[in-house]
Amino acid sequence: MLYLIGLGLGDAKDITVKGLEVVRRCSRAYLEAYTSVLTVGKEALEEFYGRKLILADREEVEQEADNILKDADTSDVAFLVVGDPFGATTHSDLVLRATKLGIPYRVIHNASIMNAVGCCGLQLYRFGETVSIVFWTDTWRPESFMDKVQKNRHNSMHTLCLLDIKVKEQSLENLMKGRKLYEPPRYMSVNQAAQQLLEIVQNQRARGEEPVTEETLCVGLARVGAEDQQIAAGTLQQMCTVDLGEPLHSLIITGGSLHPLEMEMLSLFSIPESSSESQSIGGL
């Protein structure tokens, strides 16, 4: 059996009892290590689980999945994912590969950012399509995701923005020369995402488009599910300077129209000296 096991969002103890039982009895247990991270490292997980884990990076999961699935038809193999196993489409591919090989699978779910984001007080059923914001480079500065943000806001729906994670990435030079040298890990902060968004706002304004402005109400979140979780509500402009500390960060662009309960909840996380728009929404 192939088991896909969600680890939740905080630390080693966020795994479910059912998931922990499976991890301890499997012949091999892989830890997916590129779509997200916990607040603790592999060693802390191994200590709590009472067994060794095999790190599975993007290359192995996407290109060498057969290694993970080897012997899974005759023994139990666990594939551990931060959050929920289906928070990333990569893991659907692993299930499809297993099915084609006649390997049965089972999913043990857990909390993910897709539902835990409700901790800020915005109601989950009022979220539209989720988008990703990636690190810009000198030659690649994508803005197309803003079409989805605009559609969501047109329908008075919030947009969850998942912020970029760069783990075991190669520079273009090392990639071209075939050198197995990797860049230090990078995790996008709310500040960085907001700064890129402000540039997009300026570009769209020059084209006569303005789905989002500097005064649009946003919510920044950091380390959701951990004891030192941080939430801040304020304008997009304010998100450029708010300090939410260590990764992982997420950003919400609100849909503009808020339910009274949402307004009251967001007031708990209001950034001091809020702008005029955020003050007019529920007293933020």
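If you roll a 1.4 angstrom probe over the protein chains with everything in place, what fraction of the accessible area of the chain belongs to carbon and sulfur, to the nearest %?
Looking at the chain in its full context, I get 50 percent from C and S.
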Label-point separation, Asp147 to Ala44 (7 Å along Cα→Cβ), nm: 4.1 nm
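List the pairs from Lys18/Lys52; Lys52/Lys166; Lys70/Lys100; Lys70/Lys166 whose alpha-carbon separation is above 22 Å, in the order I gave them. Present the calculation step by step, with values, prior to reporting the outcome.
Numbers: Lys18/Lys52 18 Å; Lys52/Lys166 25 Å; Lys70/Lys100 13 Å; Lys70/Lys166 28 Å.
Lys52/Lys166; Lys70/Lys166, as the Cα separations exceed 22 Å there.
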Can you compute the label reach from Met1? Point 7 Å from Cα along the Cβ direction, backbone N cut-off under 12 Å, restricted to segment 57-81. 75-78
With bins 5 Å wide starting at 0, give me the P(r) of the chain over every alpha carbon pair, in whole percents. 1, 5, 11, 15, 16, 14, 13, 11, 7, 4, 2, 1, 0
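Scaled to the compact-protein estimate 2.2 N^0.38 Å, what is the alpha-carbon radius of gyration of segment 40-85, rounded to two decimal places?
Working: Rg = 11.8 Å, N = 46, 2.2 N^0.38 = 9.4 Å.
That ratio works out to 1.26.
Could you list the square roots of 5 times each eigenvalue of the Cα gyration tensor of segment 78-152, that is, the equivalent ellipsoid semi-axes, sorted largest first and rounded to whole Å? Could you put the intermediate results ahead of the total?
On the way: eigenvalues 166, 80, 27 Å².
Rounded to whole Å, the semi-axes are 29, 20, 12.
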Probe 1.4 Å, accessible area per residue of the chain, Å²: 50 Å²
In the Gaussian network model of the chain, springs joining C-alpha atoms below 10 Å, which of Glu264, Glu32, Glu64 carries the largest mean-square fluctuation? Glu64
Under the classification rounded if a/c is under 1.5, otherwise prolate if a/b is larger than b/c and oblate if not, where does segment 44-124 fall, given a ≥ b ≥ c as square roots of the Cα gyration tensor eigenvalues? prolate
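Name the longest site-free stretch of the chain, where the excluded sites are trypsin sites (Lys or Arg not before Pro) in a DSSP loop with no more than 15 other beta-carbon atoms within 10 Å. If you can, show how the numbers build up before the last one.
Details: sites that count: Arg51, Lys52, Lys70, Lys168, Lys177, Arg179, Lys180, Arg207.
With a cap of 15 other Cβ atoms within 10 Å, the longest stretch comes to 71-167.
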Compare Leu198, Leu266, Leu96 in a GNM of the chain, Cα atoms joined below 10 Å, and give the one with the largest fluctuation. Leu96
Met263 versus Ser132: modelled label distance in nm, points set 7 Å from Cα along the beta carbon direction: 3.7 nm
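Pull out a ≥ b ≥ c, the square roots of the eigenvalues of the alpha-carbon gyration tensor of segment 8-71, then state rounded if a/c is under 1.5, prolate if not and a/b is larger than b/c, and oblate in the remaining case.
Values: a/c = 2.07, a/b = 1.31, b/c = 1.58.
Oblate shape, in that a/c is at least 1.5 and b/c is the bigger or equal ratio.
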Of Val17, Pro185, Gln230, which is farthest along the charge dipole of the chain in the positive direction, counting Lys and Arg as +1 and Asp and Glu as -1 at C-beta? Val17
Label-point separation (nm) for Asn115 and Arg97, each offset 7 Å from Cα along Cα-to-Cβ? 2.7 nm
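Divide by every residue of the chain the summed helix terms, -39500 (n - 2.57) for each DSSP H run of at least 4, and state the resulting mean residue ellipticity at 222 nm, rounded to the nearest 500 deg cm²/dmol.
On the way: 12 runs with 91 residues, N = 284.
When only DSSP H runs of four or more count, the value is -8500 deg cm²/dmol.
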Share of alpha-carbon pairs per 5 Å distance bin for segment 1-160, given as whole %: 2, 8, 16, 18, 17, 14, 11, 9, 5, 1, 0
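The values are calculated or read from the model by the stated rules, or taken from the named source; none is laboratory data. Since we're looking at a predicted model, the values are computed, not measured. Don't worry about glycine lacking a Cβ; one is built from the backbone with ideal geometry, like all the others, and counts go over all protein chains shown. When the accessible area is computed, the model is the full protein with side chains, heavy atoms only, and any ligands, DNA or RNA have been set aside. Shrake-Rupley method; radii C 1.70, N 1.55, O 1.52, S 1.80 Å.
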